[in-house]
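S.K.: Before I ask anything, let me first share the structure, which is written out below as structure tokens.
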Amino acid sequence: MSQQCMPAAQKANHIPGCIRRSMASRAREVVLPLCSTLVRPHLEYCVHLWGSQHKRDMYLLERVQRRVMKMIRGLEHLSYDDRLRELGLFSLEKRRLQGDLIAAFQYLKGAYRRAGEGLFTRACSDRMRVMASN
């Protein structure tokens, strides 16, 4: 288990309990925005960290998301995949794939330059301007 995913999963796992204790309603309109803003960022932080050898990390994080999805009233009878589909969300594994595809697209479109290219462009031009004025 990676050192980054375990603390993030623990933090994310505490939040549904706090929501359950503090909120009277478990309606979709109440729980989904809370979980999207409080729980999901902790989980998505680790999505890009796990590799193919870290199946335990993936299972641990997905288990937290499953717990959150069970809180929403009216979706208890649905499977996890059906709950996600009903809410318009992706599993964390699909979220990782989506991030990889976005990064590949940006790379192909030229969003990423070679390491160091243009790093000191502004600083060098400012220095040259100062030297020319002296």
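The values are calculated or read from the model by the stated rules, or taken from the named source; none is laboratory data. Owing to the predicted nature of the structure, the values given are computational and were not obtained by experimental measurement. As a convention, Cβ positions derive from the backbone with ideal geometry for all residues, glycine included, and neighbour counts pool all protein chains shown.
S.K.: So, of the residues in region 68-100 that are among the charged types (D, E, K, R) and buried (at least 16 other Cβ atoms within 10 Å of the Cβ), which turns out to be modelled with the highest pLDDT? First the steps, then the outcome.
M.R.: So the first thing to find is which residues in region 68-100 are among the charged types (D, E, K, R), and the list is 70, 73, 76, 81-83, 85-86, 93-96, 100.
Restricting the remaining residues to those that are buried (at least 16 other Cβ atoms within 10 Å of the Cβ) gives 83, 95-96.
Numbers: 83: 90, 95: 83, 96: 81.
Going through the qualifying residues, I end up with 83.
S.K.: Has region 35-45 got at least one residue that is exposed (fewer than 12 other Cβ atoms within 10 Å of the Cβ) and more than 12 Å from the chain's Cα centre (by Cα)?
M.R.: No - not one qualifying residue is present in region 35-45.
S.K.: When region 1-42 is examined, which residues are found to be among the polar types (S, T, N, Q) and within 13 Å of residue 69 (Cβ to Cβ)?
M.R.: 36
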